Every structure is written in structure tokens, then in C-alpha cells.
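The structure appears right after this line, and notes come after that.
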Amino acid sequence: MKSALVIDDHPITHLGASRLLREMGYDPVGQAMSGEDALTQLAETPAPDLIVLDISLPGTGGLDLVEPLREAAPGARILIFSMNDQTGFAARALQAGAQGFLSKNARPADFREAVRTLEAGEFYLSAKQAVALATLRAGASADPLGALSDRERQVLALIGRGLSLQAIADELGVSYKTAANTSSSLKKKLGVDGINGLMKFALESGV
């Protein structure tokens with residue numbers, strides 16, 4: 001019998017995902033409300049075959065959890081489940097080591113397709129995400145990183161990880177205003193618009 005673990009801080013998501021997974025033959029379907037809770041469970045129970053992981057969690061975020069989850073359950077396939085379906089997040093999820101990325105706005109049929117794809121040992125993205133990611137990679141080019149200060153490089157790297165400006169400020173121990181000003185400086189130096197532009201640049205340049 002296949003087993004799964006759903007990591008999400010919304011009970012309604014647990015209810016829906018668990019029901020779909022049980023219909024697909026997963027039993028048991030474990031539930032964790034945070035990354036810390038999930039890692040504790042994995043240390044005490046057999047590793048699941050599938051992990052459904054929300055990208056936005058209290059404490060350690062979903063993207064930063066991928067690596068420790070892979071270490072705790074090396075045989076598990078990881079499907080990122082997120083309200084934010086921007087291409088940058090999907091790309092970052094795959095780079096972190098997940099095998100799939102699915103929007104929470106997707107249909108139940110899409111969820112089933114994603115799980116079956118991961119079961120087959122393949123990677124899953126929606127058709128829209130796959131095209132956007134291919135376009136993003138095709139447009140990758142060398143950019144003027146040499147003009148950035150150490151702080152600007154730090155902020156750019158954290159933006160590439162999907163962190164908000166407030167989360168970046170907390171991570172670096174600076175004020176929100178400092179993080180916001182550094183973000184504005186980055187946009188001017190790199191010639192990009194908005195946080196999405198900075199995220200795209202960070203992913204393409206590998207900072």
C-alpha cells in the first residue's frame with residue numbers, strides 16, 4: 001500500500017488532498033501543519049512514497065524544506081502545492097529538488113494527473129508553467145552582477161528563493177525599509193521591473 005504525507009497549514013487543504021489521495025490508493029495519508037512537525041513525524045514513522053508540500057508555511061518555508069525532506073525521506077516524490085503559480089516559484093521548486101509543482105487553483109483531475117506523473121518517475125508542471133519555464137530559460141543571458149554590493153547580492157539571492165521583503169529583512173536582521181531600498185537599487189542597476197523581474201534575474205544568473 002502506498003503512503004503519503006500532506007504538509008500544509010490549512011485544514012481544508014488537508015481534507016481535500018487526503019480524500020483525493022485515498023481515492024488513488026494512498027493509505028495512510030499523514031498530516032503535518034508545519035515543516036518542523038513534518039520532520040518530527042518522518043523521524044518517528046516510515047518514510048512516505050509521496051509528499052505534498054505547501055510552499056507557504058509558518059516557520060521554515062516550503063522551498064527551504066525540500067532538501068531536509070529529501071534527506072529524511074530519500075525515496076519520496078515531492079509535489080509542491082501553492083496558491084502562487086508564478087513561473088519563478090515553479091522553477092525554484094524544481095531547482096530545490098521537488099519533482100512537481102501544482103497550483104492550488106488546479107482541478108482535482110490536475111491533482112490526480114500530477115500524482116500519477118510523479119508515480120511514473122517523471123516531473124510535473126502544468127502546460128502553461130512548462131511553456132513559461134522554457135521561455136524563461138531560453139531568454140537566460142549573462143548579466144552585470146559585478147556592479148552589485150554584497151548586501152545587494154544577498155537580497156537578490158533571497159528574492160530568488162521566493163522570500164518577501166519583510167522575510168528578507170528578518171533573515172538579514174535589517175529594517176523593512178532597508179530591504180525595500182535595496183530592492184529598488186537592484187531594479188535600477190539590473191534594469192528590471194518589480195519583484196518578479198528580480199526573481200527571474202536571480203534564477204537565470206544562479207546567485
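The values are calculated or read from the model by the stated rules, or taken from the named source; none is laboratory data. Bear in mind the structure is a predicted one, so any value in this text is a computation, not a measurement. Neighbour counts are summed over all protein chains in view; Cβ atoms, including those assigned to glycine, are modelled from backbone coordinates with ideal geometry.
In table form, for the structure just shown:
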quantity: The one condition in (1) within 24 Å of ASP8 (Cβ to Cβ); (2) at pLDDT below 90; (3) aliphatic (A, V, I, L, M) that ALA132 fails to fulfil; calculated: (1)
quantity: Per-region count, segment 172-204, residues over 18 Å from the mean Cα position of the chain (by Cα) and either under 16 Å from ASP64 (Cβ atoms) or in a helix (DSSP H, G or I) (or both); calculated: 17
quantity: Where a residue in segment 106-118 is more than 15 Å from TYR26 (Cβ to Cβ) and its partner, wherever it lies, is of a type in the set (A, V, I, L, M, F, W, C) and part of a helix (DSSP H, G or I), with Cβ under 8 Å and at least six apart; calculated: ALA106/ALA114
quantity: Residues that are farther than 16 Å from GLY97 by Cβ and either hydroxyl-bearing (Ser, Thr, Tyr) or free of Cβ contacts under 8 Å to residues at least 12 places away in the same chain (or both), drawn from segment 38-84; calculated: THR40, GLU44, THR45, SER56
quantity: Hey, ILE78 at pLDDT 80 or above and not assigned by TED's automatic domain parsing to the domain that holds VAL29 or not; calculated: no
quantity: Qualifying residue in segment 146-155 (condition: assigned to a helix (DSSP H, G or I), surrounded by fewer than 17 Cβ atoms within 10 Å (Cβ to Cβ), modelled with pLDDT of 90 or more and at negative phi); calculated: no
quantity: Lone qualifier among ALA90, ALA106, ALA127 - being modelled with pLDDT under 85 and over 14 Å from the mean Cα position of the chain (by Cα); calculated: ALA127
quantity: Which numbered condition GLN95 misses (of (1) modelled with pLDDT of 90 or more; (2) assigned to a helix (DSSP H, G or I); (3) surrounded by 13 or more Cβ atoms within 10 Å (Cβ to Cβ)); calculated: (1)
quantity: Test result for ARG70, surrounded by 14 or more Cβ atoms within 10 Å (Cβ to Cβ), touching a Gly at 6+ places or on another chain (Cβ under 8 Å) and among the basic types (Lys, Arg); calculated: yes
quantity: Residue that is modelled with the lowest pLDDT [pool: residues in segment 27-57 that are in a strand (DSSP E or B) and under 19 Å from LYS104 (Cβ atoms)]; calculated: ASP54
quantity: Residues that are assigned to a loop (DSSP other than H, G, I, E, B) and within 24 Å of PHE123 (Cβ to Cβ), drawn from segment 58-86; calculated: THR60, GLY61, ALA73, PRO74, GLY75, ALA76, MET83, ASN84, ASP85, GLN86
